[in-house]
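The values are calculated or read from the model by the stated rules, or taken from the named source; none is laboratory data. None of the values given here were measured: they were computed from a predicted structure. Here the Cβ positions follow ideal geometry from the backbone for every residue, glycine too, while neighbour counts run over all protein chains shown. We work out accessible area using only protein heavy atoms, side chains counted, and drop any ligands, DNA or RNA first. Shrake-Rupley method; radii C 1.70, N 1.55, O 1.52, S 1.80 Å.
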Amino acid sequence: MNRFLFYFVWLIFTTTEAKQIYLNDKLIRVQAETLKQIEYLQNLEQTTTIDFWSEIIGFNQTIDLHLKANDFENYRSQFEQISLTYKILSNNLQELIDSEQKQIQFDRLKRQWTDHRFRSIVGTYASYDEMIDYMQEKQNLYPKYVKVIELGRTFENRPMKGLVLQFNPFTKRNIWIDCGIHARGKYDDLDDICD
């Protein structure tokens, strides 16, 4: 049996569903258009366990919320009472999580069993640690041109790393690549640039 096919079949049978803690939970997108709606959302953020996936910035900005399955009907009626526009992005957050985990595992297996000369996170669903390793690898391969720097810290105090590419040491011009910030970050392959 083809090695790749074998591992694909293995992945399907060994991938266990993530703990079903988000089964039938909803991902909701709301849009506040009045001060009353913004104040309502700010109150929810401060006094409930609703998981706000985006900040309350101002009027007409979309805000994503994770609502537990058994809480949805209660909040839906509250949204309707204050005419808060909402849209259900996902009726079952667990399905999204399971699908994401399968994709991550598949990508890792694919990289693991690919010829080492062609292993790369480019075009795959890489984890944060894999992205950091990728940047470090590029710095190690091309120390004259590539440097890993810390850009700052996230709200959760995690380091945000970046690459500085500088091909002419006599100029202050640099290339800025802004990516890998969200879950599905992809980096341009630097091998062709640096060779």
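General remarks:
- With respect to being closer than 29 Å to Y40 by Cα and in contact with a helix residue (DSSP H, G or I) (Cβ under 8 Å, 6 or more places away or on another chain), L84 fits the description.
- Scanning segment 144-157 for residues that are open to solvent by 100 Å² or more (accessible area, probe 1.4 Å), modelled with pLDDT of 80 or more and outside any strand (DSSP E or B) yields a single hit, K144.
- Test for M131: is it loosely packed, with under 14 Cβ neighbours inside 10 Å, within 14 Å of the chain's Cα centre (by Cα) and modelled with pLDDT of 70 or more: no
- Among the candidates L141, L96, the residue that is over 15 Å from the mean Cα position of the chain (by Cα) and either at pLDDT 85 or above or polar (S, T, N, Q) (or both) is uniquely L141.
- Candidates Y86, Y75, filtered to the one that is of a type outside the set (S, T, N, Q), farther than 27 Å from M160 by Cβ, open to solvent by 40 Å² or more (accessible area, probe 1.4 Å) and outside any loop (DSSP other than H, G, I, E, B): Y86
- Selection of first residues in segment 53-66 that are of a type in the set (D, E, K, R) and of second residues that are outside any loop (DSSP other than H, G, I, E, B) and surrounded by 13 or more Cβ atoms within 10 Å (Cβ to Cβ), restricted to Cβ pairs under 6 Å at least 6 apart or on distinct chains, gives the following pairs, ordered by first then second residue: D64/R29.
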